[in-house]
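Bear in mind that the values in this text are calculations on the coordinates, not laboratory data. Because the structure is predicted, anything quoted here is derived from the model rather than measured. Ideal geometry is used to build each Cβ from the backbone, glycine not excepted, and the neighbour counts take in all protein chains shown.
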Amino acid sequence: MRKVSVAVPVPFLDLLTYRVPDGMPIPAVGARVRVPVGTRILTGCIVEYPSNAPGELKDVIEVLDQEPLLPADVVALCRWVADYYLAGVGDAIGAAMPPGAKRKATSFKTMRVATLTTLGSDTASGGETQGLTAKQRQALDVLSGSSTGLPLAELRDRGISTDVVGRLAARGLVLLRAEATERDPFERAAMADVKPSESRVLTAEQIAAFEQLAALVDTRDFRVALLHGVTGSGKTEIYLRLADRVRKAGRQTLLMVPEIALTPSVAALFRGAFGDRVAIQHSGLSDGERHDQWHRIRRGDVDVVVGTRSAVFAPLTRVGVIVVDEEHDTSYKQEEAPRYHGRDVAIVRGREEKALVVLGSATPSMESYQHALSGKYAKATLERRVLDRPLASVRLVNMREEYADQGPEVVISRALASAIEERLQRHEQVLVLLNRRGYSTAVFCRQCGDSFECPNCTISLTVHTARQGWRAQCHYCNYSMTVPKTCRKCAAPYLEHVGFGTEKVEQHLRDRFPTARIGRIDRDSVRRKGALASLLSRFAAGELDVLVGTQMIAKGHDFPQVTLVGVISADVGLGVADFRAGERTFQLLTQVAGRAGRGERLGEAVVQTLYPEHYSIQLACRQDYAAFFEREVAFRRGMRYPPLVALVNVVVRGRTFEEAMGTANDVVQRLKPSIASGGFIILGPAPAPLVRLRGEHRVQFFLKGAKRAEMRNALKAMLTEMPDVRRRMTIDVDPLNVL
Ligand code: ADP
Ligand code: ZN
């Protein structure tokens, strides 16, 4: 059989079949080949050997890899992703490929290394140095101390310029050669002050949880375990020991985290424990760094991979445990094709590789907790913080009363202001959360009511403060304009800003506490490379007193000097038309309160809200996860929402609303016959909440039912019959975001 099925990086395309010409060795699954696609020649990946294929086949042009680039298990995982999420196989395989894989040869960065020639060493050891400058003599001296030579970069660090070395090379005293080098992303990462983990005594709870998980990992069978541990209960320590256990058994650990840039200390801890047997994988690395790390993993040079969602495809071949830390975090869901959920793919990978999958969180997703209750997942629990530190106490501030007393302009309530004041006096640190960026969320004219909407999207523009003046910007398509002084329509000078975001909170804090050192973390303030790392490390070093920011400051940080967390508005997420609003609010508040009191001093959270009675807010204050789950699951059951049923969201785009609605109706008509037999229903079509986005009109509908496979099959059958709607349609299986 000289035929191969190839995945190519073209959106939505299925596998293509090619003939392997005589004389060319049949490439292995996972190897890259060059194949003709239409008028182009593309690099694809071998996925399988088809048993039968239609008549005329084009030939494979070239085989790029002798050894498969992707392990066969990873290819299989990608096929599962393509099938489950209704994405193209090429899209899924693309997510698993290292950067630069589309090029022929993989590229390692080269560095220039200088060594002494024989003449050079003679000269250095007391030979004729006349005619050499002092710098040149110094260079010879330094180089004579190293038998393998020194990279030019290192010489530069020692004050010897490349020019000097170049002149020595011209005289035949120094030889320059190029050497492959590996870029080490840890060099840039803030290295935490790492205590070797052996020296730490685990708490009784930690020991019990570890032993429970270790027993599961030792079986070498597939199992999922939920590690439900309150904030500050020491989950990371358990991950470290599991990784160690697995390493000693000759297997590997995949540790997934939401965003490495936000919690560089976790990577640093693993680096401290496992040295250079750790690789790191996330989108913040340069292509070159990602490439080098990927190949280290592929060569089997590492025992541990720490990475974000795409690391679920890391080319490991002996996985023993996969840890998904903060498993509830929405950043595990990819919001572009292939729209996979990193946690769910991790579970599938664990099943394929007979590994233990540990889902860790203080606020598990409804889905995971449901499975832990039903016994489908094992459950380990950490109910207390390490060293019996108490959880932060939470105080609610009713903002309706505050507005009545202090007027509608209040941003920071009296209670929060005095709590901050106290911490500043005691030289303790404060986090202030508002999960909304920008200065104000809308501007309108008080005379004619004109407001600034995005011309491309149905959304009002967010105002940002900038050095050049005020700018209004769309957070979806990036359209932006300067905010004029007077109304564009009626020229009245009464433009009013409504709603506020982190920039305004920062300004209020600065006005109120002029001597405090204040930093801000949100997507706008950390755009520059290195800005985030610098803000986090300055805060950790005590060079900042107050850090204000979006949910980015709520995630997993361990700052022992923080004794107060202020929440400017707990209600930001509650207004969203999303059945998960209550869950998100509970998670965010519990997590952010969990950042306080992690050191020796007691922590407190002050939470401002307009809805102090709301169950998400009440139960987050009590940090009572079990009660929240009961309450929320009853609501989901009543409304027939996940996790009790499954959802698929389909968005149809068009140049006009009528066109989008027309297509959506056609698609729904085509799906209707499957409903009777398929055990699911269709809701809609209806205008999407963001009915216009980036200039396109959007109509959406949902498939809702108990059996995903049947919904998937109905959609697949529809796509086969109506292939041209594919490009105007987004299918999201298990959607998290339905705007
Ligand atoms: P979690 O991820 O559960 O919120 P962490 O793993 O960040 O908690 O641990 C919280 C803090 O407690 C960290 O500073 C960690 O170094 C420390 N810690 C963990 N285990 C112990 C222990 N057994 N004894 C003392 N300190 C510990
Ligand atoms: Zn827009």
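Show me, for the stretch 606-618, the HN-Hα J-couplings you get by feeding each phi into the Karplus relation (A = 6.51, B = -1.76, C = 1.60, θ = phi - 60°), rounded to Hz, glycine and proline as x.
Computed from phi, the couplings for the stretch 606-618 are 10, 10, 8, 7, 8, 10, x, 8, 4, 4, 4, 6, 4 Hz.
Using Cα pairs under 8 angstrom and six or more residues apart, how large is the relative contact order of the stretch 1-140, in percent?
24
Would the stretch 533-603 count as rounded, prolate or oblate if I go by the C-alpha gyration tensor, calling it rounded below 1.5 in a/c and otherwise prolate when a/b exceeds b/c, oblate otherwise?
Prolate, since a/c reaches 1.5 and a/b exceeds b/c.
Find, among the trypsin sites (Lys or Arg not before Pro) in the stretch 415-493, those assigned to loop by DSSP (not H, G, I, E, B) with at most 15 other beta-carbon atoms within 10 angstrom.
Answer by residue number: R426, R446, R467, K485, R488, K489.
Tally Lys and Arg at +1 and Asp and Glu at -1 over the other residues with C-beta under 10 Å from the C-beta of D329: what net charge comes out?
Neighbour charge sum, excluding D329 itself: 0.
Students often check this: by mean Cβ neighbours within 10 Å, which of 667-679, 40-52 ranks highest, and how do the rest follow?
Per-residue mean Cβ counts within 10 Å order the peptides as 40-52, 667-679.
Among rounded, prolate and oblate, which fits the stretch 244-312 when a ≥ b ≥ c are the square roots of the eigenvalues of its C-alpha gyration tensor, a/c under 1.5 means rounded, and a/b larger than b/c means prolate?
Here the stretch 244-312 falls in the oblate category.
Roughly speaking, what % of Cα-Cα pairs in the stretch 586-705 are separated by over 19 Å, rounded to a whole number?
Percentage above 19 Å: 65.
Per-residue ellipticity at 222 nm for the chain, helices alone: DSSP H runs ≥ 4 residues times -39500 (n - 2.57), over residue total, nearest 500 deg cm²/dmol?
Dividing the helical sum by the residues of the chain leaves -10000 deg cm²/dmol.
Distance in nm between label sites at A541 and A492, each 7 Å beyond Cα in the beta-carbon direction?
Roughly 5.1 nm, to one decimal.
Putting +1 on Lys and Arg Cβ atoms and -1 on Asp and Glu Cβ atoms, find which of P338, I412, Y377 reaches farthest to the positive end of the dipole of the stretch 323-422.
Going by the charge dipole, the pick is Y377.
For L610, enumerate residues with amide H under 5 Å from its amide H, sequence gap 5+ or separate chain, H modeled in the peptide plane.
Amide H neighbours of L610: M399, A570, D571.
Residues with beta-carbon under 14 Å from that of P36, excluding P36: net charge, scoring Lys, Arg +1 and Asp, Glu -1?
+1
Please list, by residue number, every one of the chymotrypsin sites (Phe, Trp or Tyr not before Pro) in the stretch 486-565 that is coil in DSSP and has at most 15 other beta-carbon atoms within 10 Å.
Answer by residue number: Y494.
Taking 7 Å along the Cα-to-C-beta vector as the label spot, tell me the I26-E336 distance in nanometres, rounded to one decimal.
3.8
If you take the Cα Rg of the stretch 437-513 and divide it by 2.2 N^0.38 Å, with N the number of residues, what do you get?
Rounded to two decimals, the normalised Rg is 1.10.
So what is the diffusion coefficient of the stretch 211-350 in µm² per second by Stokes-Einstein at 37 °C and 0.692 mPa s, using a Kirkwood Rh over Cα pairs?
Reported coefficient: 216 µm²/s.
For the chain, with only Lys/Arg (+1) and Asp/Glu (-1) charged at the beta-carbon, what is the dipole magnitude about the Cα centre, in debye rounded to 20?
980
I need the P(r) histogram for the stretch 525-663: all alpha carbon pairs, bin width 10 Å from 0 out to the longest distance, whole percents.
In order of increasing distance, the bins hold 10, 31, 26, 20, 10, 2, 0 percent.
Is the shape of the stretch 1-84 rounded, prolate or oblate, going by the alpha carbon gyration tensor and its root eigenvalues a ≥ b ≥ c, with a/c under 1.5 for rounded and a/b larger than b/c for prolate?
Cα axes put the stretch 1-84 in the rounded bin.
Can you check how the C-alpha radius of gyration of the stretch 463-573 compares to 2.2 N^0.38 Å, as a plain ratio?
This ratio for the stretch 463-573 stands at 1.25.
Please compute, for the alpha-carbon atoms of the chain, the extent along each of the three principal axes and give them in descending order in Å.
89, 76, 65
Going by amide H atoms built from the backbone, whose H comes under 5 Å of the H on G438, apart from near neighbours?
T502, E503
Can you list the equivalent-ellipsoid semi-axes of the stretch 366-405, largest first and in whole Å, using the square root of 5 times each Cα gyration tensor eigenvalue?
Semi-axes (√(5λ), whole Å): 36, 20, 4.
Once label points are set 7 Å from the Cα along Cα→Cβ at both L602 and A634, what is their separation, rounded to one decimal in nm?
3.3
Using a Förster distance of 45 Å, how high is the FRET efficiency between A627 and R517, based on the Cβ-Cβ distance and rounded to 0.05?
For A627 and R517, the calculated efficiency is 0.70.
Tell me, what does the Kirkwood hydrodynamic radius of the stretch 397-549 come to in angstroms if you use every pair of distinct C-alpha atoms?
The answer is 17.2 Å.
As an exercise, use a Förster radius of 25 Å and the Cβ-Cβ distance of R299 and E352 to find the FRET efficiency, rounded to the nearest 0.05.
The pair R299/E352 has a calculated efficiency of 0.75.
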